[in-house]
1. Under 5 Å between amide H atoms, partner at least 5 residues away or on a different chain: which partners does VAL73 have, H built in plane at 1.01 Å?
2. Rank the residues TYR141, TYR156, TYR78 as a footprinting-exposure proxy: fewest other Cβ atoms within 10 Å of their Cβ go first.
3. Given the options LEU4, SER117, GLN23, identify the residue whose Cα lies farthest towards the positive end of the charge dipole of segment 4-196 (+1 on Cβ of Lys, Arg; -1 on Cβ of Asp, Glu).
4. Over the chain, calculate the relative contact order: mean separation of alpha carbon pairs under 8 Å at least 6 apart, over the residue count, as a percent.
5. With charges only on Cβ, +1 for K and R and -1 for D and E, what is the dipole size of the chain about its Cα centre, in debye, rounded to 20?
6. Given (i) 61, 37, 31; (ii) 42, 41, 29; (iii) 86, 40, 25 as candidate values of Cα extents along the principal axes in Å, which corresponds to the one derived from the coordinates?
7. Give, as a single signed number, the net charge of other residues whose beta carbon lies under 13 Å from the beta carbon of THR115, with Lys and Arg counted +1 and Asp and Glu -1.
8. Taking the beta-carbon count within 10 Å as an exposure proxy, list GLU71, GLU44 from fewest neighbours to most.
Amino acid sequence: MKNLIIISAPSGAGKTTLCRSIQAQVSQIKWSVSFTTRKKRKMEKNGVDYQFISESTFKKLIDNSFFAEWEKVHGFYYGTSKDSINNIIKKDEILLLEMDVKGALSIKKLYPSKTFSIFITPPSIDHLRKRLQKRGTDSKYRINIRLQRFKEEMKYVSRFDFNLLNDDLAKAKNQLLDIILKIKKGDNNGFKDNTIS
């Protein structure tokens, strides 16, 4: 059984919105709450969206081999605890993980038989820029950093099990739900190719 469903995408591609939609529709799926050193955004809740901790605490956890994977992204640390993954596998439940590309590939390498990875692709870099500007949570400088990273992240798309184009949010939500319900039923080999658009 694929216990770990990873959703990865460039920043602003809509992965959080899509993940929240799955959470609302499939109550049996658990949500991975990552640890981060970045500041909490206005609408976020500690322990629900992320575990917000200091950089010094994060580094201590690294030293104690607490994380299954961790990355420094846009100047902040993000990590997934080993316990959260191992408990899900032990209970034979499904965990939805929203993470950056390198974190996703790290989990896939550690748990190859338990992982199904999905990459969310925005229609274009211009579309992505508009989404980031509309979101209003980043400065112009930080948006440019995210867009530079986008070009790097797109090089890894072929290493994911599935590539989903998010050019229409309602359509993408339905497609993602269909994929996840198939995985939940154990039908993770039922995709004829690895792209839906």
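What follows is calculated from the coordinates using simple rules that are stated; it is not laboratory data. Quantities reported herein were computed from a predicted structural model and do not represent experimental measurements. A quick note on method: Cβ atoms are made from the backbone with ideal geometry, for glycine too, and the neighbour counts reach across all protein chains shown.
1. TYR78
2. Working: TYR141 8, TYR156 15, TYR78 22.
The fewest-first ordering by Cβ neighbours comes to TYR141, TYR156, TYR78.
3. Result: GLN23.
4. Taking the mean separation of contacting Cα pairs over the length of the chain, I get 31 percent.
5. Values: 38 positive and 21 negative charges, 101 e Å.
Its charge dipole is roughly 480 debye.
6. Given (i) 61, 37, 31; (ii) 42, 41, 29; (iii) 86, 40, 25, the structure-derived one carries the label (ii).
7. Details: positive: LYS2, LYS108, LYS109, LYS114, ARG159; negative: GLU69, ASP161.
Charge balance in the 13 Å sphere: +3.
8. Details: GLU71 17, GLU44 12.
Lowest count first: GLU44, GLU71.
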